[in-house]
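The next block holds one structure in the form of structure tokens; read it before the comments.
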Amino acid sequence: MSESVTGAASPAEQNRPETGWRSRLRAFYHGSEALQGYTLLSPTLLVMLFSMCAPFALMVLMSFWTQIGYEFDTAATLKNYDKVFSEPVYTKLLVRSLLISASCTFATVIISYPMAYYVAFHVHRRKMIWIILMTLPFWTSYLLRIFTWKVILGFNGVINSGLIGMGLIDKPLEFLLYNPTAVVITLTHAWAAFAILPIYVSLEKIDRSLLEAATDLGDGPMARFLRVTLPLSLPGVIAATVLIFVPTVGDYVTPALVGGPDGVMLANLIQAHFGIINNWPGGSALAIVMMGIVGLIAMTYIWLTRFAVRNIE
Amino acid sequence: MKNVSYIDRPNRPLFVYAVLFLAFLYVPVLFLPLFSFNDSQYIAFPIENWTLRWYRDMANNEPMLAALMNSIRVGAVASILSTFLGIFGAKAVTRYRIPGQEPIIAVIMAPLVIPGIILGVALLILINRAGITLSLYTVTLGHILVCVPFAMATLMTRFEGFDKSMEEASADLGENAWWTFWRVTLPMVFPGVLASLLLCFTISFDEFILAFFLGGTDPTLPLYMWGQLRFPQRLPNVLAMGACILLISFFVVFFSQWLVRRDPDSPKSAG
Amino acid sequence: MTTKQSFITIDGVSKHFGDVIAVDNVSIDIEQGEFFSLLGPSGCGKTTLLRMLAGFESTTSGEIYLDGKAMSEIPPHQRPTNMVFQNYAIFPHLDVSGNIAYGLRKDKLGKVEQTRRVDEALEMVKLPGYGKRRAHELSGGQLQRIALARALVKRPKVLLLDEPLGALDKKLREEMQLELRALQESVGITFIFVTHDQEEALTLSDRVAVMARGEVLQMASPQQLYNRPFNVEVADFIGQMNFFDAEVMDLQDDEALLDVQGLGQLKASAEGEFVQKGASIVVALRPEKLLLSEKGDAGDENTVKGELSTSAYLGSRSHFFVAVDGCEEPIEVAGQDAGFGAGESLQRGGEVWLSWARESLVLLPVT
């Protein structure tokens, strides 16, 4: 950057005799934009790299250990992984986690898309207020947003007491809370605000004249949507899918609060391994298997994203 | 309205949908403040008597006030440090052509898509193996990790929003890199910096999962609340507390988002 | 429904955006097969008018008839018009063939027929074999041709072009102008062309409507527009022009005696009702209708003496600016290099004479 160059080339420095390699190094540094960029980036990158790589490396290492009381036997063994794949309950929980998360992702994207579409194409004044309004809840307390569904769906909750108050039912409906559906509803509500942003951004980027061109060439509103708007907003949809699917697979607060025994997900089991079960190596192995499978699914999606983007740009 | 063009003409069903969507987003959350004024231990309709006593109780609730202070301290440190890291990172990736920029951004943004529980247990293992006692410091470390991506995203929007030639003009007029940063760059990105501070503070203040794994004996506010959820008779207190947290969060986030998105012609993403 | 004789009739059309009047009571008739241009500075309403023809904007009042049918109730996708957009609007997710075939979906052509039509269209715009390319692989000029092909393959009754050459560089633009004109002649479709470039409008069009502030100032053939503008604004917008304040001293039959500021008393043929005895008018003279010389005849009424102030070399020609007593601004004179070698020997500050033919004087009303 030019200001750094001017800064370095102050007269005092120019007059001072310098050894050849030093001045060459200096010139190389100031001539290399990338090097200056890396210098500026290094604190952030190092902090992030260290605080992610070191823990993950340790976690991988620990997954080959064995828990003995409060200590670890550090002799490498595969039995933690063996257990993950041989115990049917683990597989069952994993499949359930993936299913719950997939349903929630699907529901979130489906309900967010029309909202993002409305704001992108039909809001002309005070657009900013709409964008903030629809994303705002995402930034506020996750715990409270989940807890509120316990209040709504609970045995004596809003829905049951409301329905009884109106005389529609005699005794509380028990099927509302503590099941996978409650988990899906709660997660959908918690993540809907997050799905909107990438979809909105991809819709907003679509040039209006492309839509006019489609109309001009004979497409009615529906045909235009299917042939132009939807394909062009696909990257946003795929990004939203990944952004919601990956974190929700690992959610354990929601199942703990509203899931009940049938809504328990794999993450609850991982948490238990670091808590009451007190088997950290076992928990590490579970966490790694979950990450691996989710990562695999996410990679497929990222490949899809690349594919879609390449087709669009 | 006949003023808007064919493509942008109003669509009533979609408008109705948008209103319903916002209702779905907000109405459930509003039950917490509603029942916090209910003069009964049980959350149930109809609400017979209204009261402010749960709010009065809060003022005398020593453990809760201690947890609140803990959260504020963690939030303040985490938001300042994350924003600092965010400024460096955002300036580097928006102002320099760096080879491998995309993977670097992906690494920094990774905590956004890593499930909280994975981050939590991985950090827990590291801290445990390093022999460090769990405390508010370890919680702060975890919070910085989740805040930096948001700080970066917020600040990148701001850095991209202003012309590099402004900085070049400053250099041309004789200021060195340091003074250019103070006299041109920082004032221009200041709204972004403020927005990032506010956003990171809220994220840390409301964060539960990492605090759950990395917290020691001093609880943060969400941890304290989690503990209270086990006792049904404490529920009204939790509701009052939750109502306050929601209200404050809403205002702080609204303000921070307003700072980022003020220019109505360039609706850019912060996330 | 009124039966209208013209192919396209724009009948008293207005468009208001809130308080802003974008198009103000415009009426235009356009014939089948005509190359018609809407010319004006940005914000004059020309694009809004075009978009009303396409159906993207509704009319606030007035009606547009196309081939005898009122258009206001017909949505854009059912109108027999097609548009070439300013930024071309080539679909990025489709290849060139996909773009051109986009509008053929409803025609339910067989695959073979559709391919034939697409190839034909590519042939027409001189890009055969480009079917598999994508938008980002093409240059501006090529995108422009694809946009043309995509619109023309639908065989519209009217082709609407919104500053289609605006984004091209000068040389390419001039090439495309010639091609566009040839193409229009070969397909025989009515073209309505929006531009802010007066040279482009004059080169291409059968007729031009000059617009400003939402109104049509003048609608005429390029020759008429250039030689006989209606008012100062049109004269100023089309090409270069010198203006002089003048007063009508006397009026006999078709001949007016004028007292022109800086040029003195001279006679001109009186055209237009505003030429009344005692009236203030404006006299206009094109730079290329003036003759510059070092010697002159003071007795000739169509001659004036002045002092050369500056000259500007423009390559194919030179422009001289001559200060004349009584004129606030120097008079601009265009000199062709070939016929005006004398110009180079002229000294700045030297005495020069300007002369003109009486027919070159254009009388305009005061605005």
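Taking the stretch C:185-256 and the strands (runs of 3 or more DSSP E) fully enclosed by it, the elements with 1 or more residues that are small (Gly, Ala, Ser) are at C:207-212, C:215-220, C:242-252. Look at (1) in contact with an Asp or Glu (Cβ under 7 Å, 6 or more places away or on another chain); (2) closer than 25 Å to C:ILE238 by Cα; (3) not in a strand (DSSP E or B) and you find that C:GLU273 fails only one, number (1). Considering the stretch C:191-231, the residues that are open to solvent by 30 Å² or more (accessible area, probe 1.4 Å) and aliphatic (A, V, I, L, M) include one that is nearest to C:LEU161 (Cα to Cα), namely C:LEU202. When A:GLY250, A:GLY292, A:GLY259 are screened for being small (Gly, Ala, Ser) and open to solvent by 30 Å² or more (accessible area, probe 1.4 Å), only A:GLY292 passes. Looking only at the stretch B:244-271, residues that are buried (at least 19 other Cβ atoms within 10 Å of the Cβ), modelled with pLDDT of 80 or more and at the interface with chain A (Cβ under 7 Å from one of its Cβ atoms) come to 5 in all. Scanning the stretch A:209-242 for residues that are among the hydroxyl-bearing types (Ser, Thr, Tyr), within 22 Å of the chain's Cα centre (by Cα) and within 14 Å of chain C (Cβ to nearest Cβ) gives a single hit, A:SER233.
Is it true that C:TYR102 is in contact with an Asp or Glu (Cβ under 9 Å, 6 or more places away or on another chain) and surrounded by 16 or more Cβ atoms within 10 Å (Cβ to Cβ)? Walk me through how you get there before you give the answer.
Numbers: in contact with an Asp or Glu (Cβ under 9 Å, 6 or more places away or on another chain): yes; surrounded by 16 or more Cβ atoms within 10 Å (Cβ to Cβ): yes.
For C:TYR102, the condition - in contact with an Asp or Glu (Cβ under 9 Å, 6 or more places away or on another chain) and surrounded by 16 or more Cβ atoms within 10 Å (Cβ to Cβ) - is met.
Identify all residues within the stretch C:116-130 that are open to solvent by 10 Å² or more (accessible area, probe 1.4 Å) and part of a helix (DSSP H, G or I); write none if there are none. Scanning the stretch C:116-130 gives C:ARG116, C:ARG117, C:ASP119, C:GLU120, C:GLU123, C:MET124. Summed over the stretch B:3-12, the residues that are open to solvent by 60 Å² or more (accessible area, probe 1.4 Å) and either modelled with pLDDT of 90 or more or of a type in the set (A, V, I, L, M, F, W, C) (or both) give a count of 0. Checked against (1) more than 22 Å from B:LEU186 (Cβ to Cβ); (2) modelled with pLDDT of 90 or more, B:GLY100 passes all but condition (2).
Considering only the stretch A:64-118, state which residues are charged (D, E, K, R) and buried (at least 17 other Cβ atoms within 10 Å of the Cβ).
A:ARG96
The combined condition, being open to solvent by 40 Å² or more (accessible area, probe 1.4 Å) and outside any loop (DSSP other than H, G, I, E, B), is fulfilled by A:ILE129. Just a yes or no: is a residue in the stretch A:237-250 within 19 Å of B:PHE212 (Cα to Cα), modelled with pLDDT of 90 or more and in contact with a Leu (Cβ under 6 Å, 6 or more places away or on another chain)? Looking for residues that are within 19 Å of B:PHE212 (Cα to Cα), modelled with pLDDT of 90 or more and in contact with a Leu (Cβ under 6 Å, 6 or more places away or on another chain), one finds at least one in the stretch A:237-250, hence yes.
Selection within the stretch A:151-185: residues that are under 27 Å from the mean Cα position of the chain (by Cα) and facing chain B (nearest Cβ under 9 Å). The member of this set that is surrounded by the fewest Cβ atoms within 10 Å (Cβ to Cβ) is A:VAL151. Just one of the listed residues (B:LEU32, B:LEU124, B:LEU68) is crowded, with 19+ Cβ neighbours inside 10 Å, over 30 Å from B:THR185 (Cα atoms) and under 18 Å from the mean Cα position of the chain (by Cα), namely B:LEU68. Is it true that some residue in the stretch B:48-70 is in contact with a Ser or Thr (Cβ under 8 Å, 6 or more places away or on another chain), assigned to a helix (DSSP H, G or I) and free of Cβ contacts under 8 Å to residues at least 60 places away in the same chain? Scanning the stretch B:48-70 turns up no residue that is in contact with a Ser or Thr (Cβ under 8 Å, 6 or more places away or on another chain), assigned to a helix (DSSP H, G or I) and free of Cβ contacts under 8 Å to residues at least 60 places away in the same chain.
Among the residues of the stretch A:262-288, which ones are of a type in the set (A, V, I, L, M), open to solvent by 20 Å² or more (accessible area, probe 1.4 Å), touching a Leu at 6+ places or on another chain (Cβ under 9 Å) and within 11 Å of chain B (Cβ to nearest Cβ)? Correct list: A:LEU269 only. Name the single residue that is nearest to A:GLY165 (Cα to Cα) among those in the stretch B:41-52 being more than 7 Å from chain A (Cβ to nearest Cβ) and surrounded by 13 or more Cβ atoms within 10 Å (Cβ to Cβ). Looking at the filtered set, the residue picked out is B:ILE47.
Of the strands (runs of 3 or more DSSP E) lying entirely inside the stretch C:1-92, the ones with 1 or more residues being surrounded by 14 or more Cβ atoms within 10 Å (Cβ to Cβ), without any contact (Cβ under 8 Å) to a residue 24 or more places away in the chain and within 14 Å of chain A (Cβ to nearest Cβ) are found at C:8-17. Restricting attention to the stretch C:289-307, the residues that are more than 17 Å from C:GLY326 (Cβ to Cβ), modelled with pLDDT of 80 or more and touching a Gly at 6+ places or on another chain (Cβ under 8 Å) add up to 1. In the stretch A:190-208, the condition of being within 9 Å of chain B (Cβ to nearest Cβ) and over 25 Å from the mean Cα position of the chain (by Cα) is met by at least one residue.
Determine whether the stretch A:138-148 contains at least one residue that is open to solvent by less than 40 Å² (accessible area, probe 1.4 Å), touching an Asp or Glu at 6+ places or on another chain (Cβ under 7 Å) and over 29 Å from A:ILE276 (Cβ atoms). Yes, there is a match, as at least one residue in the stretch A:138-148 is open to solvent by less than 40 Å² (accessible area, probe 1.4 Å), touching an Asp or Glu at 6+ places or on another chain (Cβ under 7 Å) and over 29 Å from A:ILE276 (Cβ atoms). In the stretch C:279-301, the count of residues that are part of a loop (DSSP other than H, G, I, E, B), open to solvent by less than 30 Å² (accessible area, probe 1.4 Å), more than 23 Å from C:GLN252 (Cα to Cα) and out of contact with any Leu (no Cβ under 7 Å at 6 or more places or on another chain) is one or more. Only one entry in B:ILE87, B:ILE98, B:ILE47 is in contact with a Phe, Trp or Tyr (Cβ under 7 Å, 6 or more places away or on another chain) and among the hydrophobic types (A, V, I, L, M, F, W, C), namely B:ILE98.
For the stretch B:76-109: of the residues being of a type in the set (Gly, Ala, Ser) and open to solvent by 20 Å² or more (accessible area, probe 1.4 Å), which is farthest from A:ALA285 (Cα to Cα)?
So, considering only residues that are of a type in the set (Gly, Ala, Ser) and open to solvent by 20 Å² or more (accessible area, probe 1.4 Å), the one farthest from A:ALA285 (Cα to Cα) is B:ALA76.
Beta carbons closer than 9 Å, at least 6 apart along the sequence or on distinct chains, pair a first residue in the stretch C:229-256 that is outside the structural domain of C:ARG286 (by TED's automatic domain parsing) with a second that is surrounded by fewer than 17 Cβ atoms within 10 Å (Cβ to Cβ) and in a strand (DSSP E or B) for C:PHE230/C:PRO365; C:ASN231/C:PRO365; C:VAL232/C:PRO365.
The values are calculated or read from the model by the stated rules, or taken from the named source; none is laboratory data. None of the values given here were measured: they were computed from a predicted structure. Glycine also receives a Cβ, built like all others from the backbone with ideal geometry; neighbour counts cover every protein chain displayed. Accessible surface is based on the protein model in full, side chains and every heavy atom, while ligands, DNA and RNA are left aside. Shrake-Rupley method; radii C 1.70, N 1.55, O 1.52, S 1.80 Å.
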